[in-house]
1. Could you sort out which of Lys30/Lys374; Lys30/Lys321; Lys2/Lys139; Lys100/Lys120; Lys2/Lys201; Lys137/Lys328 sit more than 25 Å apart by Cα distance in this structure?
2. Kindly state, to the nearest 0.05, the FRET efficiency for Thr267 paired with Val308, given R0 = 45 Å and r defined as their beta-carbon distance.
3. Sequence-distant or interchain residues sharing an amide H contact under 5 Å with Val151, placed H: which?
4. Out of region 108-190, which trypsin sites (Lys or Arg not before Pro) are coil in DSSP terms and have no more than 11 other C-beta atoms within 10 Å?
5. Please give the contour-minus-distance gain from Leu66 to Met227: 0.36 nm per residue of separation, less the Cα-Cα distance, rounded to one decimal in nm.
6. When DSSP assigns beta bridges and you keep just the ones with both residues in the chain, what percent turn out antiparallel, to the nearest 5?
7. Among the aspartates and glutamates, which fall within straight-line cross-link reach of Lys414, defined as a Cα-Cα distance under 18 Å, with same-chain neighbours fewer than 8 residues apart omitted?
8. Could you list the trypsin sites (Lys or Arg not before Pro) in region 296-403 that lie in coil according to DSSP, counting only those with at most 13 other Cβ atoms within 10 Å of their Cβ?
Amino acid sequence: MKQVTMIVAGAGGRGYGFVDYARKHPDELKIVGVAEPRQFYRERVVNEHGIPAEHVFTDWKDMAKLAKFADCVAICTQDPMHADPAIAFAAKGYHMLLEKPMAPNEADCRRIVQAALDAKIIFAVCHSMRYTEYTQKLKELLDSGAIGEIVSVQHLEPVGYWHQAHSFVRGNWRNEAESSFMLLAKSCHDLDWLRYIVGQKCTRVASFGSLFHFRKDRKPAEAGAAMRCTDCPMESKCAYSAKKLYLGNLARGNAKWPVDVVAPVATEENVLKALREGPYGRCVYECDNDVVDHQVVSMNFAGGQTAVFTMTAFNQGSNRKTRIFGTKGEITGDGEKIWRFDFLTDKEQVIDTAGAVVDGHGGGDYWFEHRFVKAVATNDPSLVLSGPQETLESHLMVFAAERSRKEGKIVEVK
């Protein structure tokens, strides 16, 4: 298989994760260009991959002005900044890896998909959940008729109290106007996964949810007027303490995510400085967040199947939990193990895929990029499980669900 060359627009956490594949598999992938406005993140990629100065940019627009100089591009900018670079690089003929979600609105999603189809490029959106060994084994069982016909599904995303506080209260995805709504930012790949697992088009959705807890009126009176955890008399008694989360992780030897988001060079001194001055030290009841902290989506599929998805912040945080009910059996899964119960024999089969996890998101990040790189190297788009049309369809499910939540009615998916 030939070595694939890639350029990267956006070298933050997700972008760096994708380029790191080249460090681990240099025979498969080489990073030859980067565009990133922040010096630390830009120079990290430049230094690790030996990118020449003429291919280093602070703005993706400057990189897009050059004649095509790589096989593919990874678009890892912030959610509202996906559409313009995706369309520009598609027009240049770059095969494309696009971080999810495609865009925070339906119109831009359709523009991106049309650009990819017009350019006839290999296009893959990072719906990592499709690509895990767990999902592929589960899909194989379902397609083989192991539980007969699927009738209904329950699917839970336990976000985690601390993850909600980090990403969706204090962090980049806290405010819909600045990023996107919660269901799209955090759970678009859950609805995508359900569409993939059920194997039928979703026709109607209904959704409920709200910002229940992380609001100013929920702030404990004892906390007084403190706006930051570093100044709060209640800090040691608060589950959402920023000091507890970030300094606690650091004390346990974890200087990576989520700590390195707060302070890229994660020392105690740097983290404390960031908590005193930056967004991640803010009281969770005093932020400008407006995205929901819990939501339920009910789905009806073309074959008569139903599914219910629950996203909630109020848990320890763990792998997703799923129950699939069929005419001949049922399956329970937790992202690693699969329990299949057979109605005829009244026996249970247990399948453990945990040993196949080789990277983040249950191994999905690795297998997603592996298949994308191989698709580009061999010019075989069939290796991509989350191409333009599939991704657009599941994004439309998400937009319909959010419309249902806001308007209080059942919405058809069109």
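No value in this document is a laboratory result; all are computed from the given coordinates. Predicted model, so just to flag it, every value in this text is computed and none were measured. For neighbour counting, all protein chains shown are included, and Cβ atoms are generated from backbone atoms with ideal geometry for every residue, glycine included.
1. Exceeds cut-off: Lys30/Lys321; Lys2/Lys139; Lys2/Lys201.
2. Details: r = 45 Å, r/R0 = 0.99.
Between Thr267 and Val308 the formula returns 0.50.
3. Residues meeting the criterion, in which the H sits 1.01 Å from N, are Phe325, Gly326, Thr327.
4. Lys120
5. Values: separation 161, 0.36 × 161 = 57.96 nm, distance 4.64 nm.
The span from Leu66 to Met227 would gain 53.3 nm if fully extended.
6. Antiparallel bridges: around 60 percent, rounded to the nearest 5.
7. Glu106, Asp108, Asp192, Glu390, Glu393, Glu402
8. Within region 296-403, the qualifying trypsin sites (Lys or Arg not before Pro) (loop, at most 13 other Cβ atoms within 10 Å) are Lys328.
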